[in-house]
Structures are given as structure tokens and as C-alpha cells.
2 protein chains.
Amino acid sequence: MRIAELSQKTGVPVPTIKYYLREGLLPPGELTSPNQARYDDRHVQRLRLVRVLLDIGRLPIATIRDLLLALDQPDPDVHQVLGEALPSTLSARATSEPGIVEAARVRIDEMATRRGWLVGQKAQARQAAAEVLAAFEQVGADVADLLEQYADVAERIAVHDLQFVARAPDAEGKLHAAVVGSILGDSLLAALRRMAQEHESARMFGIRGDDC
Amino acid sequence: MRIAELSQKTGVPVPTIKYYLREGLLPPGELTSPNQARYDDRHVQRLRLVRVLLDIGRLPIATIRDLLLALDQPDPDVHQVLGEALPSTLSARATSEPGIVEAARVRIDEMATRRGWLVGQKAQARQAAAEVLAAFEQVGADVADLLEQYADVAERIAVHDLQFVARAPDAEGKLHAAVVGSILGDSLLAALRRMAQEHESARMFGIRGDDC
DNA sequence: GCTATTGGGAAGCTACACTATCCATGTCAA
DNA sequence: TTGACATGGATAGTGTAGCTTCCCAATAGC
């Protein structure tokens, strides 16, 4: 298929596809002549993945490029991607003073050790967790209980997530599932959490039966 | 205190504070003369909250303004804010075709009904969940199991979240806790989930004992 | 042959979150 | 009192990200 059909199948405008090609988010099509290229279903799939990571995952273009690069490695290591490529999707500008973040980092590390979590010391998720913990403290919230409860819950989710990854037949599919499951999973979990919060809130603060 | 001290206490540059004042993210200081204003600790708190919602929550300025407006209502309704103001923090550009999203919405609604969740039909979290579900399908993932597992987990988290909210003594504090807990909670949960995923992945795919 | 489309690249656009500059007024140490 | 510096308020400018427009020569398809 040519670029117009690729555009039509995915709903992505032709100039945007050209932009993604330039940015390396989409591999170039097979050139049949100096200015004619052919695209296939893998391009359709890849393009849909890019849009989903952009629109739902809100990942910057550069992060998506890195992620896809890891996905395209000839001998993919699922654990490697989970541990290194994916967490970069969490990075936030540090908002608190370094001292507070360092103290929070110690608490995160202590918690991980106590739980026996096999997580690399330089895993970005550790730092991300510490920064969020510091942010909680910045706004005067006591999260000692919440941290442990969330860690319990995270353990349970991770088991489901890895089952979801393991369900894929080959390494390539597992990687795809890991990326999609992690990024979109965050959003799905957040949305379901909001619904469950509203439900729980309705139970606690009095039920309104008008629109449920 | 004056603007320079406010800036020094929060680490936010003076021009940025002026910008926030203009945008209504920060209430104006008490004018002591036509061009002199006094700020207090509530401004410090509010400014820290704004930065945390920006840096960790990644909320756009306009959303933060709306959220703070809801926070400042004289007779705050915690349930109202949880159900209406907060979910707008989830909204994503629709990436899938309308038909797919509609089908996903039906599945979300059916799930909510089956679980007896007291959630408004027009709650934005329903639509957000449907859009993420549609995105999963766009990239060819089967999420039937995952949806139920995540919903289970969401129920558990929500109980903890509401306990966290209930711990605040007054209505104002509860609202603050609801906003902070929801927005920062998403990020904390995501970071802990990445750590737990890496741990679970290490267990499944073979342990590397080198850096844990 | 003729029109529309293609791949490719450069420049322009829009939105957002600041940041810089200006100015009249005010503070405060010397 | 005086003079350097800070302040509130306003307007304009900056940088980045993600497109979008415009252009070109080459080609497809009628």
C-alpha cells in the first residue's frame, strides 16, 4: 500500500506520517523507485502503536522512538525493557528540594529491601517513586500507610501484568505486551481507580441513587 | 511576606509567581498599598500544590485552575470533587474510531453495573476507561482478564484512598487529600507498579543477583 | 501527454508554560 | 533626604513540542 492508504487505514494525516518517518517512529517503506515506497500491515500496526503511546500514554516523541528502538532489537530481552526502557516514561521534573527527595529515596529503598523486591539500584522507577513520595510530603500529606498499601497492591498488579506478558507466544509479542500493558495499564488503572473512588466515596458519604 | 520571600521559600522564580497570579492559580496577596502586597503561609502551601500538580501530575494550567476553584468553594462537597472535578485529569484525545470506543464503553458500563459500582453515568472516568480499553484493542491486545483483575485492584486501592481522605479532620483537608491522593497517587502507584513488575519479571525470567 | 500523487525536505504554525522588559510607585539603609 | 533597589502590574518575547504547509522533482495511472 502507499502512504495515502496507510493514512486512510489509521486516520493519521499524510503529513503526520511523513513527520513520523522523519523522526524515526516508523521504519521507511520499501522503495520501489526513487520516489515511490510500499508500506504493509506492520506499518499500520506500528502507526497505531505510536498514536496510542502518544494519545493515551502521553509519551514524548523522543521517548517513543527509544522505546520502539528497544522493541526492534534483534534479540529482545523482556526483562531488560521492563527494567530500563519503560521506566523512563515516568520521569518528572524534580519539584522538591534535593534533601527531601534523598530522604524519600531512602524510604523507598528500605521498603524494596524489606519486601525482597529484585529491583536494580539504578532502576528509574525507584527515583520516580522517591520523587512522588517527596511531593506528597511537600504538600503536607502523611503517606506512611498509603505507601505500604500501594506497594501491596503493586505486587498484585505486577503478577497480573506478567501473566499478560507471558500469554504472548513469542519474545516479540511479549515485548509488545510489556510495553502496551505498562503504558496503557497505567491509564486503565487510573480510570478504574477514579470510578472505584467515586463508588467508595458514595458509600462513605451517602449514596445518591439518581444516576447510577 | 513579599513576593521575593515567597519565591525563596518555594523555589519558584518571581516572574513565574506573577504569571500564576495572572492565571488565577494563586489568590492575590493582601494589598497594603497600590503596588505592595503581602503573602502568607497559605500562599506558600498553594504554590507548592500548584508545582506538584504541574510537575508530578502534569496537569495543564487551566485544569489546575478549575481544580483549585473547586477546592476553594465555600461549602465543599468531597464526593462532588471526586466525581467531577478530578476525572478531567484523565482526559485523552480519542485515538480510536468512535465505534470501537462505544463498544468499549458498553463493556465498562456492564462491568460497573455487574460490580454494583455507584458511579454517575456521565462520570468522565467511564469514558476515559472506555478509551483506554479501545486503545488496547487498537494495538491487538486481549484485555478481558486484565480488565477484571484491574477492577478488583481498583476496588482495594479506592478503599485505602478513601481512608486517606477520611483521616483529614475537616472538609477542607479532606478535599485537599482527595485531590493530592488522586493525582499523586496515580504517579506513586505507577512507579511502584514498575518496580513490582521488574521484581516479578526477575522471578519469572530468571534472577539476576548483581544489582539488587 | 497530462493530471494527480508520491517521497522528501524546509519552513511555518499553534499551544503552552514560562521569561524578559518596562514602568510608576514604594521601601529602606545611609 | 536621597538614591539604590524591590514591587505590582502589564505587555511582549522565548523555547519546545507536535504537527502542518509549501515546495520540488519524479512517477503513476489514465
Worksheet item: Which ones in the stretch A:114-143 are surrounded by fewer than 22 Cβ atoms within 10 Å (Cβ to Cβ) and either within 19 Å of the chain's Cα centre (by Cα) or in contact (Cβ under 8 Å) with a residue 24 or more places away in the chain (or both)?
Response: A:Arg115, A:Gly120, A:Lys122, A:Gln124, A:Gln127, A:Glu137
Worksheet, complete the sentence: Scanning the stretch A:12-28 residue by residue, those out of contact with any helix residue (DSSP H, G or I) (no Cβ under 7 Å at 6 or more places or on another chain) and either surrounded by 13 or more Cβ atoms within 10 Å (Cβ to Cβ) or polar (S, T, N, Q) (or both) turn out to be A:Thr16, A:Lys18, A:Tyr19, A:Leu21, A:Pro27
Discussion item. Give me the residue from the stretch B:38-56 that is at the interface with another protein chain (Cβ under 10 Å from one of its Cβ atoms) and touching a residue at least 40 places away in the same chain (Cβ under 8 Å) and, out of that set, nearest to DNA strand C (Cβ to nearest atom).
Written reply: B:Arg51
Item to complete: Identify the residue in the stretch B:16-37 that is within 10 Å of DNA strand C (Cβ to nearest atom) and in contact (Cβ under 8 Å) with a residue 12 or more places away in the chain and, among all such residues, is farthest from the other protein chains (Cβ to nearest Cβ).
Response: B:Gln36
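Kindly indicate whether any position in the stretch A:82-93 is more than 17 Å from A:Leu175 (Cα to Cα) and small (Gly, Ala, Ser). Before the answer, list the steps.
Just the residues of the stretch A:82-93 that are more than 17 Å from A:Leu175 (Cα to Cα), to begin with: A:90-93.
With small (Gly, Ala, Ser) added as a condition, the list becomes A:91-92.
So far as the stretch A:82-93 goes, yes, one or more of its residues are more than 17 Å from A:Leu175 (Cα to Cα) and small (Gly, Ala, Ser).
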Worksheet, complete the sentence: Going through the stretch B:29-53 in order, the residues found to be in contact with a helix residue (DSSP H, G or I) (Cβ under 9 Å, 6 or more places away or on another chain), within 9 Å of DNA strand D (Cβ to nearest atom) and not in a loop (DSSP other than H, G, I, E, B) are B:Ala37
Response to the item:
The residue that is modelled with the lowest pLDDT, considering only those in the stretch A:1-11 that are surrounded by 15 or more Cβ atoms within 10 Å (Cβ to Cβ) and within 11 Å of DNA strand C (Cβ to nearest atom), is A:Met1
Practice prompt. Would you check if B:Arg156 is within 24 Å of A:Val159 (Cβ to Cβ) and in contact with a Pro (Cβ under 6 Å, 6 or more places away or on another chain)?
Written response: no
Worksheet item: Looking at (1) free of Cβ contacts under 8 Å to residues at least 12 places away in the same chain; (2) more than 16 Å from DNA strand D (Cβ to nearest atom); (3) over 26 Å from B:Pro60 (Cα atoms), which is the only condition A:Ala70 fails?
Response: (1)
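The values are calculated or read from the model by the stated rules, or taken from the named source; none is laboratory data. Keep in mind that what you see is a predicted model, and the values were worked out from it rather than measured. For neighbour counting, all protein chains shown are included, and Cβ atoms are generated from backbone atoms with ideal geometry for every residue, glycine included.
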